[in-house]
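Quick notes on the structure that follows.
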Amino acid sequence: MTEILRAESLRKSYDGFLAVDGISFSVREGELKALIGPNGAGKSTCFNMLTGQLKPTAGEVYLRGARITGRPPREIWRMGVGRTFQITGTYRSMSVIENVQMALISHHRRLFSFGPRAWKLYRGEALEFLRTVSLEDQADRPCSVLAYGDLKRLELAIALCHRPRLLLMDEPTAGMAPSARIELMQLVADIVRDQGLSVLFTEHDMDVVFAHAHHIMVLNRGALIADGSADEVRRDPRVQEVYLGGGTLFKEAGDA
Amino acid sequence: MAFYIALFLTGLANAAALFLVASGLSLIFGVTRIVNFAHGSFYMLGAFIGVTLMQVLPGAVGFWGAIALTGLAVGLIGALVEIVVLRRIYRAPELFQLVATFGVILVIQDLALMIWGAEDRLGPRAPGLRGVWRIFGEPVPKYDIALIAITPVILLALWYLITRTRLGILVRAATQDREMVGALGVNQAWLFTGVFGLGSALAGWGGALQLPKGGADLLMDFNIIGAVFVVVVIGGMGSLPGAFIAAVLISVLNAFGVAFLPQSTLVLMFVVMAAVLIVRPYGLLGREEVAGEHGQVGAPETPIRPYGPRGMALTTLLLALLAALPGFAEPFVLTLVIDIVVFALFAASLHFILGTGGMVSFGHAAFFGGGAYAAALLVFHTETPMELAFLFAPLAAGLLALAIGWFCIRLSGVYFAMLTLAFSQLVWSLAFQWRSVTRGDDGLINIWPADWLNGPLPYYYFTLILGVGGILTLRHIIHSPFGYALRAGRDSPRQAEAMGIDVRRVQLVAFVLAGMMAGLAGGLFVFSKGSVFPTELEIAKSFDALIVVFLGGVKTLAGGVVGASFLTSVEHWLTRLEYWRLLLGLVIIALVILMPEGIVGTLRRLALRLRRSDEEVSR
């Protein structure tokens with residue numbers, strides 16, 4: 001498998017505080033890879049540097065060999081990288097399906113089109129994406145009344161609109177009921193398998209991570225302490241120290 | 001050298017009142033998030049109440065006692081305004097409260113006229129500080145020196161209040177996160193009332209303290225409010241030391257400006273503000289406004305749809321009525337409708353960037369007046385045919401919007417608003433002071449339409465077609481992909497950027513479009529009146545448009561148009577009365593309290609409720 005994303009010595013410091021400390025890793029085509037670590041380990045910071053929301057202090061990011069370090073998010077998106085956020089950022093004044101249509105309008109480069117009615121554009125296509133995440137029943141509800149778990153699924157539908165080759169999901173199942181979490185990740189795993197796209201995701205629920213991830217990276221205090229298959233990571237003594245020695249995260253995941 | 005020092009001291013002395021008023025505004029904004037347009041009115045009240053009290057109370061004790069009492073009185077009035085008016089509308093959409101404060105301005109103007117009359121009052125000299133001291137041979141009024149000594153004391157006292165007392169802790173906490181303060185069991189209502197009262201008291205003290213230098217008159221409120229906003233923004237919203245530095249900076253610059261470059265005085269502070277904001281977008285000592293920090297106030301906007309058959313039928317009916325109007329209406333009605341259509345187009349263009357784009361502009365008059373002046377200048381100086389000059393109005397306004405927008409869209413929220421205000425003041429001062437080209441406040445006159453349009457009837461249809469056409473075009477764009485992209489950038493800039501939308505470019509295009517439409521309205525305006533004056537570029541003109549957008553309903557599509565029609569009609573009837581400002585102010589305040597979602601928003605809610613109860617009955 002060829003690699004689609006590579007990070008080299010990626011580093012971010014805030015006023016002397018080192019949030020991410022020179023980490024290097026890669027994501028391969030068709031891979032479902034998890035980035036785990038305790039709260040404050042630097043997972044979101046790392047994600048934000050990959051998709052352009054943050055400029056790294058040092059280091060480089062390559063997408064299929066092309067350097068994308070410091071490019072604005074919209075350009076990275078156009079290069080085929082999708083992104084969902086830890087705190088969802090949908091358009092509250094639009095209906096569910098219009099949120100998807102918005103992404104399609106952008107994908108089809110119709111943003112500066114003044115003629116047609118936007119709500120008629122790509123409606124069928126948008127409905128297909130909603131069907132993928134089982135939201136078609138709620139297509140015409142205002143987005144502001146959706147339950148949180150449904151918003152997360154909507155975000156996934158939106159992120160799939162430009163047929164990304166790589167999808168970065170920051171805590172895709174946070175705030176969802178346990179059964180819904182498994183269901184959503186199963187859906188993601190199916191998409192990865194069917195469409196051959198790669199997914200990098202962060203997650204606190206270890207059941208979800210170990211059930212679905214092909215490979216797992218562990219981040220602790222800004223440093224990458226493990227990168228390998230589920231079994232390798234599980235047996236890694238340093239990971240055991242961070243998780244079991246501290247004894248917080250496996251329990252936390254069960255409570256949440 | 002001595003002359004420079006004297007100028008410097010004059011500037012420092014002038015900073016005293018400015019700092020007092022500005023610190024009050026900053027405090028109120030920080031805690032309640034209200035952009036208090038009426039702050040200048042409290043300053044004016046301070047001056048008038050101060051004069052009256054000083055006449056009653058004798059001697060030095062009387063003079064300083066009167067100043068102290070004035071602050072308390074104005075503070076009480078401020079608290080009363082907060083309790084009676086503002087407290088009812090905190091849940092309304094963001095910035096809606098400024099409409100209410102605009103109503104308060106009008107009410108206070110007429111009340112002051114009733115009580116104190118139209119004559120300017122000279123302030124009494126301060127007992128014991130009547131003469132001058134010679135500093136390096138230059139005379140400096142003793143009272144100026146007293147003011148220079150007082151200002152740091154005020155800063156220190158305020159600083160102590162904010163950083164060392166319990167009230168100060170609450171104020172700072174509320175400035176950061178008022179929801180949290182509420183959740184911690186603080187009675188927010190009284191905190192807001194207290195802060196509003198304190199802020200008003202500071203304005204009152206400012207008004208009373210400047211009496212020996214300036215006196216009291218009925219134009220003080222509008223004259224100071226621009227400077228006060230500038231000071232607060234340069235210093236950084238919510239920062240007292242920032243307001244102090246900015247007040248000194250502006251006052252000293254102004255003193256030198258008066259001496260060396262008198263033409264610059266109108267615009268100097270706005271140039272400084274624009275420069276500061278371009279370099280430091282959040283003022284000298286302000287901090288960045290974190291997106292979503294203030295939370296979404298009120299219900300979220302509901303998804304939009306073009307009118308269904310019923311809405312289309314009603315609109316068609318209304319347009320048919322307007323088209324048939326000349327058949328039976330009196331001439332003055334036609335003039336009124338022309339005014340309404342022009343203002344409605346102007347308001348709709350502001351509503352386009354404000355409602356759909358989330359960009360609150362305080363300087364939209366620059367494009368209305370800019371368009372009017374562009375056409376008028378061509379006709380006046382080069383005798384360009386009207387048709388060509390008219391086309392130039394939206395074109396020039398669009399270019400102006402491109403230039404101004406390029407600087408402004410990098411900012412957001414109140415800072416965006418203030419930078420647009422600064423630029424519109426620049427344009428205004430150009431029209432006002434570049435006499436050789438614009439004839440200053442004599443205005444440009446004899447700007448009449450071409451022969452085939454000259455006459456009430458042809459021009460009525462001309463305005464109707466272009467005005468309504470402009471409004472419908474804007475509405476169409478709101479429903480187009482571009483309109484959706486604009487709304488996406490408003491709802492969640494992060495998400496929009498993460499799906500390939502260049503939010504700033506979308507906003508700039510929208511800003512230019514709105515500028516062009518405002519310019520079109522300006523073009524229609526200038527040929528209907530035959531003249532244009534700098535008043536069309538004033539702050540008051542920008543505020544008029546803002547008021548009607550909020551009054552009509554920001555979160556509705558027809559808000560701007562309905563608000564403009566309503567206000568133009570009401571003004572038309574009320575201005576015949578002697579105290580029309582008082583009445584208009586009361587009407588605005590009543591509307592704000594009764595219809596916190598604006599006219600259209602509230603009517604829509606009522607209609608929804610009716611429909612729902614119908615359904616329940618039929619079930």
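For region A:139-155, which residues satisfy the criterion of being more than 13 Å from chain B (Cβ to nearest Cβ) and assigned to a helix (DSSP H, G or I)?
Step one: of region A:139-155, the residues more than 13 Å from chain B (Cβ to nearest Cβ) are A:147-150, A:152-153.
Across region A:139-155, the qualifying residues are A:TYR148, A:GLY149, A:ASP150, A:LYS152, A:ARG153.
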Practice problem: Filter region B:510-563 down to the residues that are β-branched (Val, Ile, Thr) and under 21 Å from B:PHE432 (Cα atoms), then identify the one that is surrounded by the most Cβ atoms within 10 Å (Cβ to Cβ). | Solution: B:VAL526
Self-check item: Sole exception among (1) over 30 Å from B:VAL61 (Cβ atoms); (2) touching a helix residue (DSSP H, G or I) at 6+ places or on another chain (Cβ under 8 Å); (3) outside any helix (DSSP H, G or I) for B:ARG130, by number
Solution: (1)
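Would you call B:ARG121 of a type in the set (Lys, Arg), loosely packed, with under 13 Cβ neighbours inside 10 Å and on the phi < 0 side of the Ramachandran plot?
On the way: of a type in the set (Lys, Arg): yes; loosely packed, with under 13 Cβ neighbours inside 10 Å: no; on the phi < 0 side of the Ramachandran plot: yes.
Against the criterion (of a type in the set (Lys, Arg), loosely packed, with under 13 Cβ neighbours inside 10 Å and on the phi < 0 side of the Ramachandran plot), B:ARG121 does not qualify.
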Exercise. Among the residues of region B:466-502, count how many are more than 30 Å from B:PHE343 (Cβ to Cβ), without any contact (Cβ under 8 Å) to a residue 40 or more places away in the chain and more than 7 Å from every other protein chain (Cβ to nearest Cβ).
Key: 1
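Is it the case that some residue within region A:142-164 is more than 20 Å from B:ARG504 (Cα to Cα), surrounded by fewer than 18 Cβ atoms within 10 Å (Cβ to Cβ) and polar (S, T, N, Q)? Working first, answer last.
Within region A:142-164, the first condition is being more than 20 Å from B:ARG504 (Cα to Cα), and the residues that meet it are A:142-164.
Still in the list and also surrounded by fewer than 18 Cβ atoms within 10 Å (Cβ to Cβ): A:142, A:145, A:147-149, A:163.
Next, from what is left, pick out any that are polar (S, T, N, Q): none.
Within region A:142-164, none of the residues are more than 20 Å from B:ARG504 (Cα to Cα), surrounded by fewer than 18 Cβ atoms within 10 Å (Cβ to Cβ) and polar (S, T, N, Q).
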Quiz item: How many residues does region A:75-90 contain that are more than 23 Å from A:LEU146 (Cα to Cα) and not in a loop (DSSP other than H, G, I, E, B)?
Solution: 5
Practice problem: Find the helices (runs of 4 or more DSSP H) located wholly in region B:185-279 whose residues include 2 or more that are in contact with a strand residue (DSSP E or B) (Cβ under 6 Å, 6 or more places away or on another chain) and closer than 20 Å to B:ALA73 by Cα, and list them. | Solution: none
Self-check item: Test: B:PHE362 is assigned to a helix (DSSP H, G or I), touching a residue at least 24 places away in the same chain (Cβ under 8 Å) and either among the polar types (S, T, N, Q) or assigned by TED's automatic domain parsing to the domain that holds B:PHE527 (or both)
Solution: no
Self-check item: Scope region B:198-212; condition of a type outside the set (A, V, I, L, M, F, W, C) and farther than 17 Å from B:ALA22 by Cβ; matching residues
Solution: B:PRO212
Practice problem: Return the only residue of A:SER134, A:SER93, A:SER106, A:SER113 being among the hydroxyl-bearing types (Ser, Thr, Tyr), assigned to a helix (DSSP H, G or I) and either surrounded by fewer than 23 Cβ atoms within 10 Å (Cβ to Cβ) or at the interface with chain B (Cβ under 8 Å from one of its Cβ atoms) (or both). | Solution: A:SER106
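Go over the candidates B:ALA100, B:ALA112, B:ALA60 one by one and state the one that is in contact (Cβ under 8 Å) with a residue 40 or more places away in the chain, surrounded by fewer than 16 Cβ atoms within 10 Å (Cβ to Cβ) and either of a type in the set (A, V, I, L, M, F, W, C) or not in a helix (DSSP H, G or I) (or both).
On the way: B:ALA100 fails: surrounded by fewer than 16 Cβ atoms within 10 Å (Cβ to Cβ); B:ALA112 fails: surrounded by fewer than 16 Cβ atoms within 10 Å (Cβ to Cβ).
Step by step, each of B:ALA100, B:ALA112, B:ALA60 is checked, and only B:ALA60 is in contact (Cβ under 8 Å) with a residue 40 or more places away in the chain, surrounded by fewer than 16 Cβ atoms within 10 Å (Cβ to Cβ) and either of a type in the set (A, V, I, L, M, F, W, C) or not in a helix (DSSP H, G or I) (or both).
Given the criteria more than 17 Å from B:ALA496 (Cβ to Cβ), touching a Leu at 6+ places or on another chain (Cβ under 7 Å), at pLDDT 90 or above and more than 14 Å from every other protein chain (Cβ to nearest Cβ), does A:SER9 qualify? Show your work before the answer.
On the way: more than 17 Å from B:ALA496 (Cβ to Cβ): yes; touching a Leu at 6+ places or on another chain (Cβ under 7 Å): no; at pLDDT 90 or above: yes; more than 14 Å from every other protein chain (Cβ to nearest Cβ): yes.
For A:SER9, the condition - more than 17 Å from B:ALA496 (Cβ to Cβ), touching a Leu at 6+ places or on another chain (Cβ under 7 Å), at pLDDT 90 or above and more than 14 Å from every other protein chain (Cβ to nearest Cβ) - is not met.
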Exercise. Answer with yes or no whether B:VAL561 is over 29 Å from B:GLU82 (Cβ atoms) and either in contact (Cβ under 8 Å) with a residue 12 or more places away in the chain or in contact with a Gly (Cβ under 7 Å, 6 or more places away or on another chain) (or both).
Key: yes
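The values are calculated or read from the model by the stated rules, or taken from the named source; none is laboratory data. Just so it is clear, the model here is predicted, and its values are computed rather than measured. A quick note on method: Cβ atoms are made from the backbone with ideal geometry, for glycine too, and the neighbour counts reach across all protein chains shown.
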